[in-house]
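What follows is a set of notes on a single structure, which appears directly below.
The values are calculated or read from the model by the stated rules, or taken from the named source; none is laboratory data. This is a predicted model, so every value here is computed, not measured. With ideal geometry, Cβ positions are generated from the backbone for all residues, glycine too; neighbour counts draw on all protein chains shown. In case anyone asks, the SASA skips ligands and DNA or RNA and just uses the protein heavy atoms, side chains included. Shrake-Rupley method; radii C 1.70, N 1.55, O 1.52, S 1.80 Å.
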Amino acid sequence: MRLTGVELRQIAVPLVAPFRTSFGTQHAREIVLVRAVTDDGEGWGECGAMAAPLYSSEYTKAVADVLRDYLIPALAEVAQLDPWRVAPALEPVKGHRMAKAALETAVLDAWLRAHGISFATWLGATRERVAAGVSVGIMDSIPRLLDAVGGYLAEGYVRIKLKIEPGWDIEPVRAVRERFGDEVLLQVDANTAYRVADAHHLARLDPFGLLLIEQPLDEEDIRGHAKLAEIVRTPICLDESIVSARSAADAIALGACSVVNIKPSRVGGYLEARRVHDVCVAHGVPVWCGGMLETGLGRAANVALAALPGFTLPGDTSASDRYYATDITEPFVLADGHLDVPREPGLGREPIPERLESVTVTKEWITVRS
Ligand code: NPG
């Protein structure tokens, strides 16, 4: 397969409701989409980076820059392209995992479509459908939170994740438990908002029987998480800290986590995500699939990944309408608390041209060879 060129497209899709986390509030999702065009057909990749560098150091403008100026030129050097040759070709560029992931996914989608293989089959998925959890943002008041959680449970979501931060942690969890009972699968996500000195405060979450507490401390504070794990009984799950299979192996060996959130974007793509999965399975560490408010494109790939055997906890694999009134692809729909794994070649979803145009902010074409 030979790469002919790449289209970079910035889109902005309104959210059905603002989404507040400890690092900020999103009203719309700004996304870089990558379309890789080859002599054997084309493929799409969605970049997880946000408009601002608040979740990680990457952000949409930088993603477009590094793709245009460094990553696409590096990939252009590869004469015979296949999905395994992408990461080695991009390796000289430090970091920028989300940008690399988007480019690799676009090549992978093109290659799988050309070979008539679905993402799920290629990854080694063992399920036809995956359990859907939902992430619930920080709210203005407890009654509003209870309304939101009640709505999601009524829709059939099988697991609730509450975003927390100092000042919005113990009471919201208590209120959700009191209203909806101990049977609800419940977890919390701090997005690095605490310090190790908060350990005894976080231990006050222990009586609520949470599945896990996600990324309480700074992404680089692996030792702090290990210390926290000695004080807090609720399992510690890492998200931001896990950027590769190696960092997953280190965090597990150091006792910093007993559960891992896998976001393919964060670790540089689906090949590395699969390796993170394998490392965790080898250590008996459960994994689940995180989300970054993906459109149907990124969601399709995540749902395929979440169908691997080590994904034993429900993921942030919500239906499209959790975030978007109108998705840019055919939407993912909740059925009995689950999403069906696409089985068509490649991602199994592609943008609907009119919808894509209606949310496009900029697009540029980078010719690789004519
Ligand atoms: O369902 O796609 C989803 C979003 C789940 O809470 C979610 N994502 O920290 O995990 C997170 C959070 C996030 C939101 C991360 C925005 C990055 C940006």
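In the set (1) part of a helix (DSSP H, G or I); (2) open to solvent by less than 50 Å² (accessible area, probe 1.4 Å); (3) among the hydrophobic types (A, V, I, L, M, F, W, C), Ala154 fails one condition alone, (2). Give me the pairs, please: first residue somewhere in region 292-319 and in the same structural domain as Asp278 (by TED's automatic domain parsing), second residue anywhere and modelled with pLDDT under 95 and of a type in the set (S, T, N, Q), beta-carbon distance under 9 Å, and either six or more positions apart or on two chains. Hits for this filter: Leu293/Gln26. Inside region 122-151, can you point out the residues that are of a type outside the set (A, V, I, L, M) and either more than 22 Å from Ala190 (Cβ to Cβ) or assigned to a strand (DSSP E or B) (or both)? Once the filter is applied, which keeps residues that are of a type outside the set (A, V, I, L, M) and either more than 22 Å from Ala190 (Cβ to Cβ) or assigned to a strand (DSSP E or B) (or both), region 122-151 yields Trp122, Gly124, Thr126, Arg127, Glu128, Arg129, Gly133, Ser135, Pro143, Asp147, Gly150, Gly151.
Residues in region 216-231 that are open to solvent by 10 Å² or more (accessible area, probe 1.4 Å) and either in the same structural domain as Tyr55 (by TED's automatic domain parsing) or assigned to a loop (DSSP other than H, G, I, E, B) (or both): Asp218, Glu219, Glu220, Asp221.
Can you say whether Asp82 is among the acidic types (Asp, Glu) and in contact (Cβ under 8 Å) with a residue 24 or more places away in the chain, as far as the supplied structure shows? Judged against the criteria, Asp82 is a match.
If the condition is being assigned to a helix (DSSP H, G or I) and touching a residue at least 12 places away in the same chain (Cβ under 8 Å), then region 232-249 contributes Ala245, Ala248, Ala249. Applying a threshold of 7 Å to beta carbon distances and a minimum spacing of six or more residues, or different chains, the list of pairs starting in region 52-65 at a residue that is over 18 Å from Gly291 (Cβ atoms) and ending at one that is away from the ligand (no atom under 13 Å from the Cβ) and open to solvent by 30 Å² or more (accessible area, probe 1.4 Å) reads Ala64/Gln10. Scanning region 306-319 for residues that are within 13 Å of the ligand (Cβ to nearest atom) and of a type in the set (A, V, I, L, M) turns up Ala306, Ala319.
Exactly one residue out of Ala79, Ala87 is farther than 30 Å from Asp169 by Cα, modelled with pLDDT under 95 and not polar (S, T, N, Q): that is Ala79. Scanning region 260-300 for residues that are away from the ligand (no atom under 16 Å from the Cβ) and of a type in the set (A, V, I, L, M), we see that the one that is farthest from Asp321 (Cα to Cα) is Ala282. Could you tell me whether any residue of region 35-44 is within 29 Å of Asp218 (Cβ to Cβ) and touching a Pro at 6+ places or on another chain (Cβ under 9 Å)? There is no residue in region 35-44 that is within 29 Å of Asp218 (Cβ to Cβ) and touching a Pro at 6+ places or on another chain (Cβ under 9 Å).
Selection over region 171-201 of residues that are farther than 18 Å from Lys227 by Cα and in a helix (DSSP H, G or I) gives a count of 10.
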